[in-house]
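The structure under discussion appears below in the form of structure tokens.
Rule-based calculations on the coordinates, nothing more; no lab input. This is a predicted model, so every value here is computed, not measured. When we count neighbours, we look across all protein chains shown, and the Cβ atoms used for this are built from the backbone with ideal geometry, even at glycine.
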Amino acid sequence: MHWYVDVLKKYTAFSGRAGRQEFWMFTLISVIISILLAVVDAALGTIPLLGSLYSLAVFLPSLAVAVRRLHDTDRSGWWVLLSLIPIVGGIVLLIFLASAGKPQDNAYGPYVSALRTAR
């Protein structure tokens, strides 16, 4: 759970690097929360309300961790704009986000190993 909370704490940190585990654990927990909120929305009859509020609340942290993840692969954060290209852009961005980070320091900061960030 600390992966999720750490990303929320760094919600405006677009500089630096984020390892694969940090990015994907945040994404997994966020998807689980979204599914739970969709169920609660359906039960309460407020279909778009809670899910929309949650999506709005985690938009900036999600964007920041995606940019930091791209930095870890030695790419500019501007590559996140690939998601605006229908179908192909999302697939290419997914490949970039899933690829391994560079195991050395780069222009975006020092190497972040999973062992160093694990608690």
Volume per residue that the Cα convex hull of the chain spans, once the total is divided by residue count, Å³: 103
Label-point separation in nm, LEU56 to PHE96, each point 7 Å along Cα→Cβ: 2.8
Under 15 Å, Cβ to Cβ, from THR73 - net charge with Lys/Arg +1 and Asp/Glu -1: +2
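If you rank VAL88, VAL7 by fewest surrounding Cβ atoms within 10 Å, what's the result? Before the final figure, lay out each step's value.
Values: VAL88 9, VAL7 24.
Going from least to most buried by this count: VAL88, VAL7.
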Taking amide H positions as placed 1.01 Å from N in the peptide plane, with prolines and chain starts having none, which residues 5 or more places from ASN106, or on another chain, fall under 5 Å of its amide H? TYR111
Only helical DSSP H runs with n ≥ 4 go in: add -39500 (n - 2.57) per run for the chain, normalise by residue count and round the 222 nm mean residue ellipticity to 500 deg cm²/dmol. -19500 deg cm²/dmol
